[in-house]
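Colleague: Here it is: the structure, laid out below.
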Amino acid sequence: MSPLFDICLLEELPPGEKRLVEVDDLEIGVFNCNGTLFAIEDRCSHDDGELVDGEFDTEDCTVECPRHGSRFDLRTGNPVNLPAYVPVDTFPVLVQDGVIRVEVD
Ligand code: FES
């Protein structure tokens, strides 16, 4: 099993909120989309835009890259529009004893 990293208490990241964390030299965005938690790499596959700074759409669980506007599906890491066409990494998220944890290889 991959190592788990504590992010924060679940109550500190309510629905509609996001936060940037650093885990093992990786910048990871953790998002609460309507009660479901997702974690994606905070680096756009197009030209390194910082995704956590982008607009978080809780209707379709996407985040829009602030640089050139590609939106990424938080569930899969796949871009849903150009110019990005390569997925970004996603990471499993779980909640144990009220603590959000992310699994990172
Ligand atoms: S850097 Fe993200 S769309 Fe260009």
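The values are calculated or read from the model by the stated rules, or taken from the named source; none is laboratory data. The structure displayed is predicted, hence computed values, not measured ones. Here the Cβ positions follow ideal geometry from the backbone for every residue, glycine too, while neighbour counts run over all protein chains shown. We work out accessible area using only protein heavy atoms, side chains counted, and drop any ligands, DNA or RNA first. Shrake-Rupley method; radii C 1.70, N 1.55, O 1.52, S 1.80 Å.
Colleague: Counting heavy atoms of the protein chains only and a 1.4 Å probe, report the per residue accessible area for the chain as a whole number of Å². List each step's numbers first, then the result.
Modeller: Numbers: 5770 Å² over 105 residues.
Using a 1.4 Å probe on heavy atoms only, each residue of the chain averages 55 Å².
Colleague: So what is the relative contact order for the chain, in percent, with contacts set as C-alpha pairs under 8 Å and at least six apart?
Modeller: Values: 237 pairs, mean separation 29.1, N = 105.
28 percent.
Colleague: Just Thr62, Thr36, Thr90 to compare: in a GNM of the chain, with alpha carbon springs under 10 Å, which one fluctuates most?
Modeller: Ranking Thr62, Thr36, Thr90 by mean-square fluctuation puts Thr36 first.
Colleague: Where the centroid of each part is defined by its Cα atoms, how far is the range 82-105 from the range 1-64 in Å?
Modeller: The range 82-105 and the range 1-64 have Cα centres spaced 7 Å from each other.
Colleague: I've got another one for you. Between beta-carbons, use under 9 Å as the cut-off and find the net charge around Gly54, counting Lys and Arg +1, Asp and Glu -1.
Modeller: Details: positive: Arg67, Arg71; negative: Glu50, Asp53, Glu55, Glu64.
Value of the local net charge: -2.
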